């Protein structure tokens, strides 16, 4: 992903509490407009790095707080203070920034960040609201939902779509 592909929605503020929460300074975005969990991209020294989060909540005078996965203490959170926060396409709950055209994924090679290379996207099925990637994995077709929170990153130059498929999904097709 590049900066131009994302929407800047705010900046991370100071750490809060002992579990690694951070204050979140949103720019013209209401916390209720954001999906309850998923991922954001943080600009860390010019590099966009995806971070999965488990919650965004309003905390009175503290404002809005965010809790990232695997950031479990104030010291780890302190490294992220001041980073700009970017939302990937499809992140808003009302879908207003839906800028992915699912047909653009045909021809990309899907790589699961845990399992490895799965195969090429040969078609798109499903509906406009719930597109499904058809991936040729060996001799089998694997159907993978095209959901924002499953997409890790897209490398258009390499023609690769990096995803985190639901646990066990690919194994269902391998067994069949």
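For the reader, a short list of remarks on this structure follows.
- Among the residues of the range 41-61, at least one is at pLDDT below 75 and either more than 17 Å from the chain's Cα centre (by Cα) or outside the structural domain of residue 146 (by TED's automatic domain parsing) (or both).
- Candidate set: the range 24-40, residues that are under 15 Å from residue 81 (Cα atoms) and buried (at least 18 other Cβ atoms within 10 Å of the Cβ); chosen: the one modelled with the lowest pLDDT: 40
- Within the range 143-161, if we keep just the residues that are within 15 Å of residue 129 (Cα to Cα) and in contact with a helix residue (DSSP H, G or I) (Cβ under 8 Å, 6 or more places away or on another chain), the residue that is surrounded by the most Cβ atoms within 10 Å (Cβ to Cβ) turns out to be 144.
The values are calculated or read from the model by the stated rules, or taken from the named source; none is laboratory data. Everything numeric here is computed off the predicted structure, so don't read it as measured data. Note that each Cβ is placed from the backbone with ideal geometry, even for glycine, and that neighbours are counted across all protein chains shown.
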